[in-house]
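Visitor: This is the structure I want to talk about, given as structure tokens.
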Amino acid sequence: MKWTALEQVLSQFFGIVINIVLARLLMPSEFGLIAMIAIFTALGNNLMNSGLSTSLIRSKHVDELDYSTVFITNIGMSLLLYAIIYSGAPLIANFYDQPSLIWLTRIFAFTIVINAFKAVQLARLTRMMDFKTQTYARLPTQILAGGLALLAAKNNFGVWSLVVQALTMAFSSTLFIWWIAKWKPQLVFNKKKFIYHFNFGYKLAISAILDAVFSNIYPLLIGKFYPASMVGYYKQADTLAKMPALSLSNIVSKISLPLYAKQQHSKHALRKSNKMIVQMALLLITPICIFAAITAEDLITLVLTDKWLPTVPYFQLLCVFVIISPISSFNTEILKAIGRSDVFFKLALVKKIVIIACILVGVRFGIYGLIWAQGVSSLIGVFLNLSFTRKFTNYKLFDQILDIVKPISLILLPIVLMTAVQHYCLGDWAMFTRLSAVWIIGGLTYLAVNEVVKLNAYLELKSILVNVLKR
């Protein structure tokens, strides 16, 4: 837990700093161009892996033949997929009416091939719960990739600065993890091993592919009907809003999947762990997202400069909607852990139908309509997740909803105080001073409310923090 948390905290910190500096140096339209092709690289990465890494992690018995078979499968798939994307790049450029996307797509998509070389390495380390090695591998390469991207941006490379960052990150992290992990594949392929892992993984892969399509469909639709700069505004808002939730989800998911796998035969243990994990996540994510939404205008202006001000209303809406996102991810980890990829797949299909219905309604109302479609479909998705997983944990739907509402409701008093102070007491203060004061007031109020209510999840978080500080 310590090394996973350390990796995510430091990774998020460096990621935020690099993203902020790049956003100040580059134009929104340049971020928009990369967002337009993200759907294709995301599809490639998910198809390349085909859910096989998850199968390696959750399988009880895995040997060198398993690892090598999955490794060779990943390499072969990545080369095939890259060839398809390379050939289809002109079609992508024509779809968006952006000729520059031809070579941007071809070069950016090569990350799929590079990532194929480290997928099994990461799965092996995760199975061993060796998060320390992953931290050592990720952080230096992130700093290197960010540094080269900033250098390129300073020298007027424009959108290619973002390509440099992606390629450097993929290549250097792969190289570093091979050097530090001390594992080498054998050039062997076993058909039975492949079928075993594929039978479990293909349903997860289809679900992941659907997730990749639908999580990137909003930039695709905006890019089709609006200028690249509008895609950039939306994507920056989406990235910043999701950053805390994604980081926390990544921390917990790395631990929850092996944990749930060990508890898969005890519904009581699964229910207890899931409740604690979800409530702890909500106690951490909710104040960050809400505080950011309340102070969005000052935050965006101060950090990204006023050229990014059109991002503010998108950012505020997305901050509110993103709070519930970890609930879905933690619930679906249970289905992976107990080997019910069939239920996972059915759930994914139902949620995608909901997203399509919401998009068909929302697209009529422009970008705001699409963002509301994103939020409403996420909320419905949470209820579907709770309904699908309850029979595997004996966790009643009403009890789950109540346990979710409890930590979220603790933010109500801080919202009232922060809004009142920001608009009626500190309106004439300097921007940085006002922003700092509002966050401090909100934070202290939130802590005070938690000290009064004393949820078990809060006491557990407090205990973890105390233990960390004692070390």
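The values are calculated or read from the model by the stated rules, or taken from the named source; none is laboratory data. Keep in mind it's a predicted model, so treat the numbers as computed, not measured. Quick reminder, even Gly has a Cβ in these numbers, built from the backbone with ideal geometry, and neighbours come from all protein chains shown.
Visitor: Return yes when L318 is more than 21 Å from the chain's Cα centre (by Cα) and either under 13 Å from A23 (Cβ atoms) or in the same structural domain as L417 (by TED's automatic domain parsing) (or both) and no when it is not. Can you show your working first?
Guide: Values: more than 21 Å from the chain's Cα centre (by Cα): no; either under 13 Å from A23 (Cβ atoms) or in the same structural domain as L417 (by TED's automatic domain parsing) (or both): yes.
Judged against the criteria, L318 is not a match.
Visitor: Determine, yes or no, whether S266 is at pLDDT below 75, polar (S, T, N, Q) and surrounded by fewer than 19 Cβ atoms within 10 Å (Cβ to Cβ). Reasoning before the result, please.
Guide: Values: at pLDDT below 75: yes; polar (S, T, N, Q): yes; surrounded by fewer than 19 Cβ atoms within 10 Å (Cβ to Cβ): yes.
Answer is yes for this residue.
Visitor: Given the structure, is L204 at pLDDT 90 or above and out of contact with any strand residue (DSSP E or B) (no Cβ under 8 Å at 6 or more places or on another chain)?
Guide: Answer is no for this residue.
Visitor: Still on this structure, I have one more. Of the residues I408, I415, I440, which single one is over 23 Å from V303 (Cβ atoms), in a helix (DSSP H, G or I) and in the same structural domain as M280 (by TED's automatic domain parsing)? Can you show your working first?
Guide: Working: I415 fails: over 23 Å from V303 (Cβ atoms); I440 fails: over 23 Å from V303 (Cβ atoms).
On inspection, the qualifying residue turns out to be I408.
Visitor: I would also like to ask the following. When you check Y424 against the structure, is it assigned by TED's automatic domain parsing to the domain that holds I277 and buried (at least 19 other Cβ atoms within 10 Å of the Cβ), yes or no?
Guide: no
Visitor: Please specify each residue of the stretch 320-377 satisfying the condition of being in a helix (DSSP H, G or I) and of a type in the set (K, R).
Guide: First, pick out the residues of the stretch 320-377 that are in a helix (DSSP H, G or I): 320-322, 325-337, 341-377.
Across the stretch 320-377, the qualifying residues are K336, K346, K351, K352, R364.
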